[in-house]
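Notes for the one structure printed next.
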Amino acid sequence: MKKRTRKRPSNTRRPATRKQPARPPAADDQALREHVIYLLKGGGAHADFEKAIAGLSPEHQGAKAAGVPFTAWRLLEHLRIAQSDILEFSRNPKHASPAWPDGYWPSTDAPSSAGAWEGSVAAFRAGLKAMERLVANPKTSLYAPIPHGDGQTILREALLLADHNAYHLGQLVMLRRLLGSWQE
């Protein structure tokens, strides 16, 4: 005996169901991961961290240009602190963000030593690599809400990080041009 199914008339509505976010095919998911990593690294029209800091002399690390409220040190530390906050929020449910806004900026215009500058550069590089690894890991859902967040996803946090870094690296390049320390 053939099982009969009842066809729903076209003018009636289906019961409401909760929609799950669409998941791209695996190849598209991998392509998206690669594009986000490219963006995090400063790809496309974005400033590249390594180029932005290359050849910056110690005397320019704490120098201000006329009318500019920040120094290269302040920008570097702000980039490091904000990136660390975004990364740790993305992977650690017990992470506590710094107080806004003071906790995101250093208290001094210049590093206390060459070691402080190099330490901040190394920490920035390590944080960026950690976010790249998080995005590259196929076990990381880019689309699922972060359990301890309020709607954020890893994709959203990675794009936020790329956008934030690009903005402040652009400021660093402009500052270096104003100080005469930028070499194309």
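Pairs under 7 Å by beta carbon, first residue touching a residue at least 40 places away in the same chain (Cβ under 8 Å) in segment 36-57, partner among the charged types (D, E, K, R) and not in a loop (DSSP other than H, G, I, E, B), six or more apart or different chains? From residues that are touching a residue at least 40 places away in the same chain (Cβ under 8 Å), the pairs are I37/E132; L40/E132; L56/R176. Pairs meeting the criteria (first residue in segment 135-155 and of a type outside the set (V, I, T) and at pLDDT 95 or above, second residue surrounded by 12 or more Cβ atoms within 10 Å (Cβ to Cβ) and assigned to a loop (DSSP other than H, G, I, E, B), beta carbons under 6 Å, at least 6 apart or on different chains) are Q152/I146; L155/L142. So, L142, is that one surrounded by 12 or more Cβ atoms within 10 Å (Cβ to Cβ), touching a Leu at 6+ places or on another chain (Cβ under 8 Å), among the hydrophobic types (A, V, I, L, M, F, W, C) and part of a loop (DSSP other than H, G, I, E, B) or not? Yes; evaluated as a whole, the condition is true for this residue. One residue stands out in segment 93-125 among those that are hydrophobic (A, V, I, L, M, F, W, C) and in contact (Cβ under 8 Å) with a residue 24 or more places away in the chain: the one that is farthest from I53 (Cα to Cα), namely W105.
Conditions (1) in a loop (DSSP other than H, G, I, E, B); (2) in contact with a Gly (Cβ under 7 Å, 6 or more places away or on another chain); (3) buried (at least 20 other Cβ atoms within 10 Å of the Cβ); (4) among the basic types (K, R), marked per residue:
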position	(1), (2), (3), (4)
K64	yes, no, no, yes
R74	no, no, yes, yes
H78	no, no, no, no
L87	no, yes, yes, no
K94	yes, no, no, yes
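Screening G127 against (1) over 21 Å from G42 (Cα atoms); (2) of a type outside the set (D, E); (3) buried (at least 17 other Cβ atoms within 10 Å of the Cβ) leaves a single unmet condition, (1). Restricting attention to segment 75-104 and to residues that are under 18 Å from the mean Cα position of the chain (by Cα) and of a type in the set (D, E, K, R), the residue that is farthest from A130 (Cα to Cα) turns out to be E77. Here F49 passes the criteria (1) under 17 Å from E184 (Cα atoms); (2) surrounded by fewer than 19 Cβ atoms within 10 Å (Cβ to Cβ); (3) at pLDDT 95 or above except the one numbered (2). The number of residues in segment 145-184 that are part of a helix (DSSP H, G or I) and among the β-branched types (V, I, T) comes to 2. Just checking, does segment 97-106 include any residue being closer than 19 Å to V36 by Cβ and either buried (at least 18 other Cβ atoms within 10 Å of the Cβ) or of a type outside the set (K, R) (or both)? No - not one qualifying residue is present in segment 97-106. For segment 126-184, a residue qualifies if it is basic (K, R) and under 27 Å from A31 (Cα atoms), and the qualifying residues are K129, R133, K139, R156. Residue-level analysis places H168 among those that are closer than 18 Å to G44 by Cα and either surrounded by fewer than 17 Cβ atoms within 10 Å (Cβ to Cβ) or in contact with a helix residue (DSSP H, G or I) (Cβ under 8 Å, 6 or more places away or on another chain) (or both). Scanning segment 171-184 for residues that are touching a helix residue (DSSP H, G or I) at 6+ places or on another chain (Cβ under 7 Å) and either free of Cβ contacts under 8 Å to residues at least 60 places away in the same chain or among the hydroxyl-bearing types (S, T, Y) (or both) gives S181, W182.
The values are calculated or read from the model by the stated rules, or taken from the named source; none is laboratory data. All values reported here derive from a predicted model rather than from experimental measurement. We place every Cβ from the backbone using ideal geometry, glycine too, and count neighbours over all the protein chains shown.
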